[in-house]
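Could you have a look at this structure, given as structure tokens, before my questions?
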Amino acid sequence: MDAANELKQALTARIAGAKQPQLRWVVCKSVDWANKTMDAVGVSDELEYYDIELGAGVIDVQPVVDSTCLIGIVEGEEANGFLLVASEAERIEIKANTLIEFNGGTLGSLVKIESLKSKLNALEQDINSLKTAIAGWTAVPQDGGAALKVALATYISHQLTVTQTADLANNKIKQ
């Protein structure tokens, strides 16, 4: 076989075998969040797509049913689609050990709300204990404050734990 025929054969094989990735606009019809898939219908052709993956990496997105979505089709295989973006989402799940950063992360980490709530509750309880101790104190003339010292003895013996940044910071999300 001569070089021209070899080139022709190679090009023909390449063109026949080439499957291009494609994008499709679809409308989400149902979501199976447990399996991270959705079913959808094409916007322009009403073609049905089943078991579209809701993530293709570190982020899974749960689109709102009836929202418009852009899906990718891998190597022309209509049965091998994945969600790229949704016009509305109910939930976004980010895989473990992934750092999310907003605005360059210059403001530090987001706060772990339950840890912050526990610290604030402890401080509020401590202030309420002080108020109770002071309210129960009765001034005694000429004792030099001994009665107050007795009333506050239990309160004074209990020290608050100093909060550290690590106690409250979610280092997976920076803002």
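The values are calculated or read from the model by the stated rules, or taken from the named source; none is laboratory data. Predicted, not measured: the structure shown is a model, and the values here were computed from it. All Cβ positions, even for glycine, are placed from backbone atoms using ideal geometry, and neighbour counts span all protein chains on display.
Please enumerate the residues belonging to the range 40-61 that are more than 14 Å from Leu84 (Cβ to Cβ) and of a type outside the set (Val, Ile, Thr).
Gly42, Ser44, Asp45, Glu46, Leu47, Glu48, Tyr50, Asp51 - these are the residues of the range 40-61 that are more than 14 Å from Leu84 (Cβ to Cβ) and of a type outside the set (Val, Ile, Thr).
Continuing with this model, one more query. So Val150 ticks every box in (1) within 30 Å of Val43 (Cβ to Cβ); (2) assigned to a helix (DSSP H, G or I) but one. Which box is left unticked?
(1)
I'd like to check something: does the range 145-158 contain any residue that is exposed (fewer than 10 other Cβ atoms within 10 Å of the Cβ) and touching a residue at least 12 places away in the same chain (Cβ under 8 Å)?
Filtering the range 145-158 down to residues exposed (fewer than 10 other Cβ atoms within 10 Å of the Cβ) leaves 157-158.
From what is left, the residues that are touching a residue at least 12 places away in the same chain (Cβ under 8 Å) are 158.
For the range 145-158, residues exposed (fewer than 10 other Cβ atoms within 10 Å of the Cβ) and touching a residue at least 12 places away in the same chain (Cβ under 8 Å): present.
Has the range 74-94 got any residue that is assigned by TED's automatic domain parsing to the domain that holds Ser44, under 15 Å from the mean Cα position of the chain (by Cα) and assigned to a loop (DSSP other than H, G, I, E, B)?
No, every residue in the range 74-94 fails to be assigned by TED's automatic domain parsing to the domain that holds Ser44, under 15 Å from the mean Cα position of the chain (by Cα) and assigned to a loop (DSSP other than H, G, I, E, B).
Another question, if that's okay. Looking at (1) over 18 Å from the mean Cα position of the chain (by Cα); (2) on the phi > 0 side of the Ramachandran plot; (3) surrounded by fewer than 11 Cβ atoms within 10 Å (Cβ to Cβ), which one does Asn128 not meet, given that it meets all the others?
Evaluating Asn128 over (1) over 18 Å from the mean Cα position of the chain (by Cα); (2) on the phi > 0 side of the Ramachandran plot; (3) surrounded by fewer than 11 Cβ atoms within 10 Å (Cβ to Cβ) leaves (2) as the failure.
Of the conditions (1) within 28 Å of the chain's Cα centre (by Cα); (2) more than 30 Å from Val41 (Cα to Cα), Gln62 satisfies every one except a single condition; which number is it?
(2)
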